[in-house]
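Undergrad: Sharing a structure here in structure tokens format.
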Amino acid sequence: MERVVITGMGAITPVGNDVETFWESLKNGKCGIGPITRFDTADFKVKLAAEVKDFQVEDYIDKREARRMDLNCHFAIAAAQQAVDQAGLTEGSFDPFRTGVIFGSGVGGLKVAEDEVTKMNEKGPGRVSPVCIPQMIANMAAAHISMRFGFKGENFCPVSACATGNHAIGEAMRAIRHGYQDIVLCGGTENGIIPISMAGFQNMKAVHTGEDPTCASVPFDARRSGFVMGEGAGCLVLESLSHAKARGATILAEVAGYGASGDAYHITSPDPSGEAASRAILGAITDAGLAPADVDYINAHGTSTPINEKYETIAIKKAFGDEAYKVKVSSTKSMTGHLLGGAAAIEAIACVLAIRDGIIPPTIGYKEPDPDCDLDITPNQAVEAKVDVAISNSLGFGGHNACILIRKV
């Protein structure tokens, strides 16, 4: 089987619109959360989100073309362009039919759907945009990426809530490992800071409704009271080791393991036993031919909801046994908020950079320990540590669990 390596990365996030700015923000504990500016929140309980700042779509997409896309596609194309540029994928350096795109979104163009339904109700069905459907459907980020770069291999869009990005990365790894593709662009994107989604999440009591950004997203802290919506995209170029070497590409890290499972328990709550989530974690570790003691860092799902960290802690302990107290853990969602379908992609990038620099990014805002969450969660300050192996956990609504393992090459 082929080994699978990462040769390019791109990121549009609430704490930076390129990979290095994103990483500097994480290392320095920069919080990307602030008052919502996307819409008037006067009638909403939720007031905070982690918005992308200073993003200039015209740096990546012609204005006329951009008007025919939802914002989630803008983010995706920008992150993909960065990743392709870093990987050096120029014409003639790859076979288009062996270069695929597996790129997901949790909700797709929901803002388009919201706007067009309003328009239809107010002005009639004849006023609905003829490009409503291709703007709205969740697969269009993957489609636009393939069209932009001429990638004609496998092309599809995983939609598995918060686990979307890891499913995309894992399935991309499998496609290359088993010889179906040479290269796959993978990751996820989201544009979720919109009235309908924020109303839905606030009414199910899933999001934080306070107004102080410093205590809004506090994973593993006893004060955690709901996640903070983020937005943006992350993209990784995965490539077979042999193909990367043949074209002289710079290898950033190896995607060595992937595990996935389903809780079969509840539409929103993780399984309190942590059994299926622990199977996904162990699946990624054993897929890589490693043992729990080999893992140096876990980028936790860590959404800052009362039940997530409690049950994720249980899952980590089940998977790691006594090693659970020795491994470094952190939740970068304390800084970026929760990007839903884009979350795992930027968190995988954080794992690659933790390996590269030997730095564990912190869980910021941590003040009140929770006895149910007694792991080493790297509170408030980044720490230097040898990181050869990192895993990233993602646990989605509906019980979708996906874990990837990244190691130094």
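The values are calculated or read from the model by the stated rules, or taken from the named source; none is laboratory data. Keep in mind that this is a model prediction, so the values were computed, not measured. Cβ placement follows ideal geometry from the backbone for every residue including glycine, while neighbour counts extend to all protein chains displayed.
Undergrad: Read through the list (1) surrounded by fewer than 19 Cβ atoms within 10 Å (Cβ to Cβ); (2) touching a Lys or Arg at 6+ places or on another chain (Cβ under 9 Å), then give the number of the only condition that ILE77 fails.
TA: Of the numbered conditions (1) surrounded by fewer than 19 Cβ atoms within 10 Å (Cβ to Cβ); (2) touching a Lys or Arg at 6+ places or on another chain (Cβ under 9 Å), the odd one out for ILE77 is (1).
Undergrad: Out of the helices (runs of 4 or more DSSP H) lying entirely within segment 99-170, which hold 3 or more residues that are out of contact with any helix residue (DSSP H, G or I) (no Cβ under 7 Å at 6 or more places or on another chain) and not assigned by TED's automatic domain parsing to the domain that holds GLU347?
TA: In segment 99-170, 110-123, 140-149 are the helices (runs of 4 or more DSSP H) which contain 3 or more residues that are out of contact with any helix residue (DSSP H, G or I) (no Cβ under 7 Å at 6 or more places or on another chain) and not assigned by TED's automatic domain parsing to the domain that holds GLU347.
Undergrad: Being among the charged types (D, E, K, R), assigned by TED's automatic domain parsing to the domain that holds GLY302 and surrounded by 24 or more Cβ atoms within 10 Å (Cβ to Cβ) narrows it down to one residue among GLU347, GLU368; which is it?
TA: GLU347
Undergrad: Same structure, new question: Could you list all residues from segment 231-251 that are part of a loop (DSSP other than H, G, I, E, B) and either basic (Lys, Arg) or surrounded by fewer than 24 Cβ atoms within 10 Å (Cβ to Cβ) (or both)?
TA: ARG247, GLY248, ALA249, THR250, ILE251
Undergrad: Check segment 144-157 and report whether any residue there is under 15 Å from ALA80 (Cβ atoms) and free of Cβ contacts under 8 Å to residues at least 24 places away in the same chain.
TA: Yes, that holds for at least one residue.
Undergrad: Oh, and also: Could you check VAL255 against (1) assigned to a loop (DSSP other than H, G, I, E, B); (2) under 18 Å from the mean Cα position of the chain (by Cα); (3) closer than 30 Å to ASP85 by Cβ and say which number it fails?
TA: Here VAL255 clears every test but (1).
Undergrad: Can you tell me which residue in segment 375-409 is surrounded by the most Cβ atoms within 10 Å (Cβ to Cβ), limited to those that are aliphatic (A, V, I, L, M) and not in a strand (DSSP E or B)?
TA: The extreme case among them is ILE377.
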